[in-house]
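Undergrad: So that we are looking at the same thing, I have put the structure below in structure tokens.
The values are calculated or read from the model by the stated rules, or taken from the named source; none is laboratory data. All figures in this text were calculated on a predicted structure; none of them were measured in a lab. Here the Cβ positions follow ideal geometry from the backbone for every residue, glycine too, while neighbour counts run over all protein chains shown.
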Amino acid sequence: MKAMIDPRDTVLTLKESSGWFAAGNSFRKALSLLSDGAFKMFFYICLEADRRTGRYEAVQKELAGALCKSRRIVGQYIRELECKRVCNVRHGKNQYARTCFEIRDEYWPYTRITDTTPRNAYVDSIKNGFIALGCTTGKFTARDAKIADQFQRRHIPLELVQDAMLMGACRKIISLLNGSSGEPIASLAYFEGLIAEIRERPIPVDYREYLRKKAEQLRTAWAKTSADLLKKRGCLDMGCPEIIQ
């Protein structure tokens, strides 16, 4: 007689080997504590956060787009996550600066990995500049850190790398504003060609200041254009009379 197999004894397998999140008791706790919208944001941050640190950085515009809510509503959710001690939040200086979220231990299911690597001012400067460009994915990966370290080992001056990032950002944002390129810069490797170009033909010192101002103007213009496009797609919460801050 053929033995019957209890379905409960079957070994379950994942359809996808990556991209999943260990949602357990910490999620149940957050579900009972947070409002629906704040829990949705918490869930999104968990999916996007670095598994090693429980940290995630974003500007409010990105969160508004991901959650299909206005920046005003997103700000309320951020305050709720902070006030209910679900996340430690380091706020950006303005709406275009990145806000850093660190999910507190009570709500983070992974054991954090402490970074014991000595701080490297050269790599940190490149990282901060890359994230602040306004036309990147906003993520500085381990591969990007390795590329920055290689720049340092090749004795490429920090100012040269910064010039290349500014020039590349200006060209990219102009392309985005003209509608000819819809993809953000995803890697520091994007600027390697520009570094070689500027090495061959160094830019004047006074032009460097012009680049900084131009990049800031373009970044502001692109942020406004992105917000307008988001509104036109109907992704904002039109049920609220105060849509735009």
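Undergrad: Tell me, yes or no, whether segment 112-123 has at least one residue that is charged (D, E, K, R), surrounded by 14 or more Cβ atoms within 10 Å (Cβ to Cβ), within 26 Å of Ala30 (Cα to Cα) and modelled with pLDDT of 90 or more.
TA: no
Undergrad: Mind listing whichever residues of segment 117-155 are under 18 Å from Glu48 (Cα atoms) and either part of a loop (DSSP other than H, G, I, E, B) or polar (S, T, N, Q) (or both)?
TA: The answer is Thr136, Thr137, Gly138, Lys139, Phe140, Thr141.
Undergrad: Here is a follow-up. From the residues in segment 138-155 that are of a type in the set (A, V, I, L, M) and touching a residue at least 12 places away in the same chain (Cβ under 8 Å), which one is surrounded by the fewest Cβ atoms within 10 Å (Cβ to Cβ)?
TA: Out of the qualifying residues, it is Ala145.
Undergrad: To continue, here is another question. For the structure I just gave you, tell me whether Ala66 is touching an Asp or Glu at 6+ places or on another chain (Cβ under 9 Å), surrounded by 21 or more Cβ atoms within 10 Å (Cβ to Cβ) and within 16 Å of Ala227 (Cβ to Cβ).
TA: Taking the combined requirement at face value, the residue does not satisfy it.
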